[in-house]
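A short worksheet on the structure shown next.
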Amino acid sequence: MTDRTKKPLYERLRETLLKTLERENWQLLPNEQELMSRFGVSRNTLRQAIQLLTNEHVLQPVQGFGTLVYPVPEVERNSRILIVCDYDMLPFQQDVMSRLLLMLNNSHLHSMVLMLDKENVDINRFDEMLKTCDAVILECHCSFSSIILERVRLTGKRMVCIRWQASQDVPFIAEDVVRGFSLVTRHLLELGHRRIAFIGNTCDFRRFPPIQQTMAEFGVSLRPELTEHIVYGTRVEGYKSMERILARNVDFTAVICHNDNCALGVEERLLIAGKRIPEDVSVIGFDNLKECADYPVPLTTCAGDLEEIIQEVIAYLFSGRKEVASFHKLTDVHLVKRQSTGAVPIKGPLPEGNGNFI
């Protein structure tokens, strides 16, 4: 077969893309740079192939979100999303919800917000709002409500929990918290810290085990007197836990916190005690809350990309694929290095050996 009788490159790429998105169950098309690198093609060839699949209604660009795979018809003009939030929404959920509303507005998708008490749901009002929506997004607290889940399931409409690894077989898209706590722990260890405190929920399988495992790689472990169990990760819990650790008069050079909210409480108590951050103690959190960039010391943290999480949520809700109830997706995380972490302070002569002591 001569070159002139072969299919054009963009048609062959279209076939390859189609097989790939089926095999890998894509909900959202990766960006151009990723696709060009993966398939070794030019931008022009890629765009021609994507245009063919768009004409076939396999793909659909949505302003502000990217390109959906097998979208439901007329996503932009007619789709209505019900966002269900508990009145006691946590700070990390407030950040993603405010970004979600902005992105939905910019993309001309209709959004309805229902703020409720998950323990006392007004069933009639909830059912009325469910009748007028096409899909449902839940914040973390609402994903624990059997009443909320039951009412949505009765409608047959898609729902997804955003930025939370939900239970009860609820579809979710969230950050890879396990990898995140491995990263924050490794960051401190590579800065030379060995006497590390942990203030967080020790029953949380996404936080406590990766911290222990990463420390074990460096030949160290968490000391009981430097470990404080908390439940919710509030600022008050962080403040009071650090107060208890300071009262024990045990040497430590860094603190891993359950989340940013807890870390800000820890910072406040350390500063009141006259400790310098990070010269005396490094502090690290998780979630990358908006306020943690400024108060009281810019906080080193770890988080996923909120826009990526929102894009994946919308892609899942408006994919024409048959729903898979066990759809669970974890997005990657990255460290955000700020002024609250630094190299371990040197005090007196160094110990013999490699310094991996507790």
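Only the coordinates and a few stated rules stand behind these numbers; no lab work does. For clarity, every value in this text was computed on a predicted model and none was experimentally measured. We place every Cβ from the backbone using ideal geometry, glycine too, and count neighbours over all the protein chains shown.
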> Can you list the HN-Hα couplings for region 26-35, worked out from phi with the Karplus curve (6.51, -1.76, 1.60; θ = phi - 60°), rounded to whole Hz and with x for Gly and Pro?
Replying inline: 5, 9, 9, 6, x, 6, 4, 4, 4, 5
> When the dipole is taken about the Cα centre of region 174-218, and only Lys, Arg (+1) and Asp, Glu (-1) are charged at their Cβ, what size is it in debye, to the nearest 20?
Replying inline: 140 debye
>> About the Cα centre, and with charges only on the beta carbon of Lys, Arg (+1) and Asp, Glu (-1), how big is the dipole of region 177-304? Nearest 20 debye, please.
In response: 240 debye
> What residues have an amide H closer than 5 Å to that of VAL333, excluding those fewer than 5 places away on the same chain, when H is modeled at 1.01 Å from N in the peptide plane?
Replying inline: ASP176
>> Tell me the angle of helix 208-217 to the major Cα principal axis of the chain, expressed in degrees between 0 and 90 and rounded to the nearest ten.
In response: 70 degrees
>> For Cα pairs less than 8 Å apart in space and 6+ apart in sequence, what is the mean separation divided by the residue count of the chain, i.e. the relative contact order in percent?
In response: 17 percent
> Most exposed first by the Cβ proxy, i.e. fewest other Cβ within 10 Å, how do PHE92, PHE144, PHE198 rank?
Replying inline: PHE144, PHE92, PHE198
> About the Cα centre of the chain, what is the dipole size in debye to 20, counting +1 per Lys and Arg Cβ and -1 per Asp and Glu Cβ, all else neutral?
Replying inline: 800 debye
> LEU59's amide H: which non-local residues (gap 5+, or another chain) put their own amide H closer than 5 Å, with H modeled 1.01 Å from N in plane and none for Pro or chain starts?
Replying inline: THR54, TYR70
> When DSSP beta bridges are limited to those with both residues in region 1-118, what percentage is antiparallel, rounded to the nearest 5?
Replying inline: 40 percent
> With no solvent and one point per C-alpha, what does the Debye sum give as log10 I(q)/I(0) for region 136-187 at q = 0.12, 0.23 Å⁻¹?
Replying inline: -0.33, -0.79
> Using mean Cβ contacts within 10 Å as the protection proxy, how do 20-30, 257-267 order, highest first?
Replying inline: 257-267, 20-30
> Among the DSSP beta bridges whose two residues both lie in the chain, what percent are antiparallel, rounded to the nearest 5?
Replying inline: 25 percent
>> Under 5 Å between amide hydrogens, which residues at least 5 positions from ALA254 or on another chain qualify, with H placed 1.01 Å from N in the peptide plane?
In response: ALA197, SER282
>> Explain nothing, just compute: Karplus ³J(HN,Hα) = 6.51 cos²θ - 1.76 cosθ + 1.60, θ = phi - 60°, for every residue of region 100-112 in order, whole Hz, x for Gly and Pro.
In response: 4, 4, 5, 5, 5, 5, 5, 9, 6, 8, 7, 10, 10
> Per residue, what volume in Å³ does the Cα convex hull of the chain take up?
Replying inline: 167 Å³
> When the Karplus curve 6.51 cos²θ - 1.76 cosθ + 1.60 is applied with θ = phi - 60°, which whole-Hz ³J(HN,Hα) does each residue of region 49-57 get, with x for Gly and Pro?
Replying inline: 5, 5, 5, 4, 5, 5, 4, 8, 6
> All other residues with a Cβ under 12 Å from the Cβ of LEU226 taken together, and with Lys, Arg as +1 and Asp, Glu as -1, what is their net charge?
Replying inline: +2
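Please give the net charge around SER145, taking every other residue with its beta carbon less than 10 angstrom from that of SER145, where Lys and Arg add +1 and Asp and Glu add -1. Present the calculation step by step, with values, prior to reporting the outcome.
On the way: positive: LYS118, ARG151; negative: ASP86, ASP117, GLU119, GLU150.
Around SER145, the charge tally is -2.
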>> Could you tell me which residue out of CYS292, THR45, PRO278 lies farthest along the dipole of the chain toward its positive end? Charges go on the beta carbon: Lys and Arg +1, Asp and Glu -1, centred on the Cα centre.
In response: THR45
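Using a cut-off of 15 Å between beta-carbons, work out the net charge of the residues near TYR87 (Lys and Arg +1, Asp and Glu -1, TYR87 not included).
Here the charged neighbours net out to -4.
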